[in-house]
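Readers should treat all values here as calculations from the given coordinates under stated rules, not as data from a laboratory. This one's a predicted model, so the numbers in the text were calculated from it and none came from an experiment. Cβ placement follows ideal geometry from the backbone for every residue including glycine, while neighbour counts extend to all protein chains displayed.
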Amino acid sequence: METRVAVIGIIVEDENAVNALNELLHAYSGYVIGRMGVPYRKKGINIISLAVDAPQDVISALSGKIGRIKGISAKTAYSNVKNSQSKEEER
């Protein structure tokens, strides 16, 4: 199966949305390479950068679900690097 590497930029404007976001990210944790969060206290927001390696449709689904959480916005940037995983790597 072909995978893509991408970064999802997430802005959290509503602190009450954090639990829903964390549950969603936990559900997709198998695709997450790394995550960096930066609180911007002056503006009262949190900025999260999420690096993923997943099939295109999985990245699109995750990004769309994140963007539908009230108080959160997300944008995705894709790498041109594509990988093919063997059946053993997928397990």
Restricting the range 36-85 to residues that are over 12 Å from the mean Cα position of the chain (by Cα) and assigned to a helix (DSSP H, G or I), which is surrounded by the fewest Cβ atoms within 10 Å (Cβ to Cβ)? 57
Residue in the range 14-21 that is surrounded by 17 or more Cβ atoms within 10 Å (Cβ to Cβ) and either within 10 Å of the chain's Cα centre (by Cα) or basic (Lys, Arg) (or both) present: yes
Does any residue of the range 28-36 turn out to be within 25 Å of residue 1 (Cβ to Cβ), among the hydroxyl-bearing types (Ser, Thr, Tyr) and in contact with a strand residue (DSSP E or B) (Cβ under 7 Å, 6 or more places away or on another chain)? yes
Suppose we keep only residues that are in a helix (DSSP H, G or I) and in contact (Cβ under 8 Å) with a residue 24 or more places away in the chain within the range 22-33. Which one would you say is surrounded by the most Cβ atoms within 10 Å (Cβ to Cβ)? 25
Looking only at the range 67-88, decide whether some residue is under 10 Å from residue 6 (Cα atoms) and among the small types (Gly, Ala, Ser). yes
